[in-house]
Amino acid sequence: MRPFSFLSILALTATHSLAIPTRYITPAERGLLDAPGVLDNVVLFDAPAFPDPQNPENTLAFFQAYVSLRTPDLGVATTAITSLLSSLGINVGNDLNTLQQRIKLLASVGLPGKKVEVVVPGCELSGKLPATSVSDLGLAGAAVSLGSCVQNAIEMEASVLPGAMDSRKFTASVFPSKNSGFGVISGGSTLTDVDDTVKVSNVLDKVALLKSTFLEAPKAVSGMPELYTSLSKSLQGPQFVYVTGSAYQFYPFLNEFIDSTYASAKGPIFSQNLTVLNIPQAVEFLTSNQGTLDFKVATIDRLQTMYPQKKWLAIGDSTQKDPEAYATAFKKRDTISCIWIRRVEGADNSDARFNTAFADVPAGKFRTFNDTEIPKLADIDVAGGQC
Ligand SMILES: *[C@@H]1O[C@H](CO)[C@@H](O)[C@H](O)[C@H]1NC(C)=O
Ligand SMILES: *[C@@H]1O[C@H](CO)[C@@H](O)[C@H](O)[C@H]1NC(C)=O
């Protein structure tokens, strides 16, 4: 016999003297090694919840989380972005604080292999996300079962199960909705106004976009918050969902804006995965509409899978790819009841564009509108089949 037996005797003795547990449970088995720890930061995204198709008494939630190193090096990123902005004639000036808030996630270092577990009071099970991804650095996402939930809230609070010695709380909202009734899909840029006066050429477009992304307080399109409040009543508490071509690194900014300015229309936000290698590349992504069409079509498809019986009103604008994305989604399944597109001044609002995009969508199923016409949209009986 070798030293091996001595060790096993020691282990046996230890186990016996403690009696319980009968077998030593390793930290890895308890999930502690790969749970986010005190040196990590977690962003939990607001989540839609929906009936489990296998057992409609149970609730599934589509959770997404991002785990990164707790202390990002803001200095390097700030310098990089400040010089890039100034090369375009944009002066950061007094807006340095805003800039640093907005680039926090862009500057962060995502961590793969972290397992996030989410608890929702009132639900039977905790949601266990798969480990954060290597390819989508630091991100994890999945539809997970919460078992049966006390279903009376329109918004529930979810929080990440804390790691050892960690007293911080990472929370998000869960928005449960039935597999029936109405939902409203909304583009991100549909909600905010970028200063129209500078939208005369592509170059200035880029300047306006970067200023509004990094430096300025967002401004709601006039009349739009009132329209969303009205829809929340006329469609009887629809599931509002925001699908933005922007990257998840700007999620906190958009989420805060919706919570404060569109408070009657809160809902989960779906954004694109962007692995940032450097700041110029991130800015290039922001100003290029990269992957937006495919992303929006895929996300709407995912929503329709969560709620196969729900009807949707899709609201977007003419700046990016909303007409094309919504028309594609309309043709794929028949649950999009109506499409509204805001004609943004300076964007491509030509008949040619809309005729091509909506070639196979019946005339009574979509409309475009300008800012003067926003209040009148509230009079349309979408629940009754009008559009
Ligand atoms: C983003 O990455 C996560 C983790 O890999 C994945 O679950 C999710 O589907 C991705 N989202 C998109 C839009 O690709
Ligand atoms: C919006 O459209 C209406 C009707 O087509 C028109 O009377 C109005 O002047 C337009 N408003 C703007 C701001 O373009």
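The values are calculated or read from the model by the stated rules, or taken from the named source; none is laboratory data. All values reported here derive from a predicted model rather than from experimental measurement. Neighbour counts run over all protein chains shown; Cβ positions are idealised from the backbone, glycine included. All accessible areas refer to the heavy atoms of the entire protein, side chains included, with ligands and DNA or RNA removed. Shrake-Rupley method; radii C 1.70, N 1.55, O 1.52, S 1.80 Å.
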Close pairs from region 112-133: first open to solvent by less than 60 Å² (accessible area, probe 1.4 Å), partner in a loop (DSSP other than H, G, I, E, B) and of a type in the set (Val, Ile, Thr), Cβ under 7 Å, at least 6 apart: PRO112/THR132; PRO112/VAL134; GLY113/THR132; LYS114/THR132; GLY122/VAL150; LEU129/VAL116
Filtered residues of region 364-379 (kept if within 14 Å of ligand 2 (Cβ to nearest atom), within 23 Å of THR328 (Cα to Cα) and free of Cβ contacts under 8 Å to residues at least 40 places away in the same chain): ARG367, PHE369, ASN370
ILE341 vs. criteria aliphatic (A, V, I, L, M) and touching a residue at least 40 places away in the same chain (Cβ under 8 Å): no
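Yes or no, residue by residue, for (1) open to solvent by less than 40 Å² (accessible area, probe 1.4 Å); (2) within 12 Å of ligand 2 (Cβ to nearest atom); (3) within 28 Å of the chain's Cα centre (by Cα); (4) over 19 Å from THR319 (Cα atoms):
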position: ILE336; (1), (2), (3), (4): yes, no, yes, yes
position: TRP340; (1), (2), (3), (4): yes, no, yes, no
position: SER350; (1), (2), (3), (4): no, no, no, no
position: ALA357; (1), (2), (3), (4): yes, no, yes, no
position: PRO362; (1), (2), (3), (4): no, no, no, yes
position: ASP381; (1), (2), (3), (4): no, no, no, yes
Residue within region 91-102 that is outside the structural domain of ARG302 (by TED's automatic domain parsing) and within 30 Å of LYS128 (Cα to Cα) present: yes
Extreme residue, nearest to ligand 2 (Cβ to nearest atom), among residues of region 161-178 that are modelled with pLDDT under 95 and open to solvent by less than 70 Å² (accessible area, probe 1.4 Å): ARG168
Tally of residues being over 12 Å from PHE63 (Cβ atoms) and modelled with pLDDT of 95 or more across region 137-147: 2
Any pair with Cβ under 6 angstrom, 6 or more apart, that starts in region 281-306 at a residue that is not assigned by TED's automatic domain parsing to the domain that holds LYS331 and ends at one that is of a type in the set (Gly, Ala, Ser): none
Single match in GLY291, GLY364 (criterion: more than 16 Å from ILE185 (Cβ to Cβ) and within 16 Å of ligand 1 (Cβ to nearest atom)): GLY291
Tally, over region 277-329, of residues that are open to solvent by 40 Å² or more (accessible area, probe 1.4 Å) and of a type in the set (Val, Ile, Thr): 4
